[in-house]
Amino acid sequence: MISSKDITGLILAGGRAQRMGGIDKGLIPFHQKPLIESAIDRLKPQVGPIIINANRSITRYAGYGYPVCMDETPDFSGPLAGFLMGLKNCRTPYLLTAPCDTPLLPADLAFRLTEELEQKQLQMVYASSKESDGRVWAQPVFCLMRANLKESLSEFLKKGDLKIDRWFKEIQSGTVIFDDEKAFANVNTPEELRALEEISS
């Protein structure tokens, strides 16, 4: 069984947040505290070390006491660029990724993904969510991967491809379906932020 101390948690806070007016999403208040704090609180019991991937507000993020790594490309290249920096700074056999703007992320995310990874002998497992109408949606920024995927991802990005699902197809990947769709609710607009505060109060 994979132990939590063998997993590094990577919190992705490197996006532009254009639909939030370009403000740094991880620092937006959610129930009177920055969103990043909710992500940390949720991930901390599930992993060993934590890394924050951010491209601005570096000093603020560093204030939480965890290493902060910036993308190597200066143009907000999306989550795969963050994944790569996480892998380059990962000192454990596994990396678990989650965005900074999903404050209700599952408390059993690491457990369920590691279980699937071990049982199926996969390289990477990502989460999917099932909505009340039965539809299943991939949640690819929530994933557990083996740290030895660094070369695979680096080569993929060198081709100029930033599509997360295309990289997943190049490796042995699988998914776990979570029934609680609220767990993956993220904040892209002020309206979504208010709605999420209401359902989680």
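The values are calculated or read from the model by the stated rules, or taken from the named source; none is laboratory data. All figures in this text were calculated on a predicted structure; none of them were measured in a lab. Note: ideal-geometry Cβ built from the backbone for every residue, glycine included; neighbour counts use all protein chains shown.
Could you go through segment 82-90 and let me know if any residue there is under 21 Å from LEU27 (Cα atoms) and touching a Ser or Thr at 6+ places or on another chain (Cβ under 7 Å).
yes
Within 17 Å of LEU144 (Cα to Cα) and not acidic (Asp, Glu): is that true of GLY78 in this structure?
Numbers: within 17 Å of LEU144 (Cα to Cα): no; not acidic (Asp, Glu): yes.
Considered against the rule, which asks whether it is within 17 Å of LEU144 (Cα to Cα) and not acidic (Asp, Glu), GLY78 comes out as no.
Within segment 67-76, track down each residue that is in contact (Cβ under 8 Å) with a residue 40 or more places away in the chain and in contact with a strand residue (DSSP E or B) (Cβ under 9 Å, 6 or more places away or on another chain).
MET70, ASP71
Would you check if ALA195 is at pLDDT below 90 and part of a helix (DSSP H, G or I)?
Values: at pLDDT below 90: yes; part of a helix (DSSP H, G or I): yes.
It is true that ALA195 is at pLDDT below 90 and part of a helix (DSSP H, G or I).
Could you say whether any residue in segment 42-64 is touching a Lys or Arg at 6+ places or on another chain (Cβ under 8 Å) and at pLDDT below 95?
no
Which residues, counting only those in segment 175-192, are touching a strand residue (DSSP E or B) at 6+ places or on another chain (Cβ under 8 Å), of a type in the set (A, V, I, L, M, F, W, C) and either closer than 16 Å to ARG112 by Cβ or modelled with pLDDT of 85 or more (or both)? So that I can check it myself, show each step before the final result.
Just the residues of segment 175-192 that are touching a strand residue (DSSP E or B) at 6+ places or on another chain (Cβ under 8 Å), to begin with: 175-181, 183-184, 186-187.
If we keep only those that are of a type in the set (A, V, I, L, M, F, W, C) too, we end up with 176-178, 183-184, 187.
Of everything in segment 175-192, those that are touching a strand residue (DSSP E or B) at 6+ places or on another chain (Cβ under 8 Å), of a type in the set (A, V, I, L, M, F, W, C) and either closer than 16 Å to ARG112 by Cβ or modelled with pLDDT of 85 or more (or both) turn out to be VAL176, ILE177, PHE178, ALA183, PHE184.
Considering only segment 139-165, state which residues are surrounded by fewer than 13 Cβ atoms within 10 Å (Cβ to Cβ) and either of a type in the set (Asp, Glu) or modelled with pLDDT under 95 (or both). Quick ask: steps written out before the conclusion?
Just the residues of segment 139-165 that are surrounded by fewer than 13 Cβ atoms within 10 Å (Cβ to Cβ), to begin with: 148, 151, 155, 158-161, 163, 165.
GLU151, GLU155, LYS158, LYS159, GLY160, ASP161, LYS163, ASP165, listed by residue number.
Among ALA107, ALA195, ALA138, which is the only one that is under 22 Å from GLU37 (Cα atoms) and in contact (Cβ under 8 Å) with a residue 24 or more places away in the chain? Show your work before the answer.
Working: ALA195 fails: in contact (Cβ under 8 Å) with a residue 24 or more places away in the chain; ALA138 fails: under 22 Å from GLU37 (Cα atoms).
None of the other options fit; the residue is ALA107.
Does segment 176-187 include one or more residues that are touching a Lys or Arg at 6+ places or on another chain (Cβ under 8 Å) and in a loop (DSSP other than H, G, I, E, B)? Outline the logic, then answer.
Looking only at segment 176-187, we keep the residues that are touching a Lys or Arg at 6+ places or on another chain (Cβ under 8 Å), and these are 176-179, 181, 187.
This time we only want the ones that are in a loop (DSSP other than H, G, I, E, B), so: 179, 187.
Yes.
Need pairs with beta-carbon distance below 8 Å; first residue touching a residue at least 12 places away in the same chain (Cβ under 8 Å) and within segment 43-59, second aliphatic (A, V, I, L, M) and in a loop (DSSP other than H, G, I, E, B); sequence gap 6+ or separate chains.
Sorted first by the residue in segment 43-59, then by its partner, the pairs are LEU43/LEU105; PRO45/ALA107; GLN46/ALA107; ASN53/MET70; ALA54/MET70; ASN55/MET70; ILE58/MET70.
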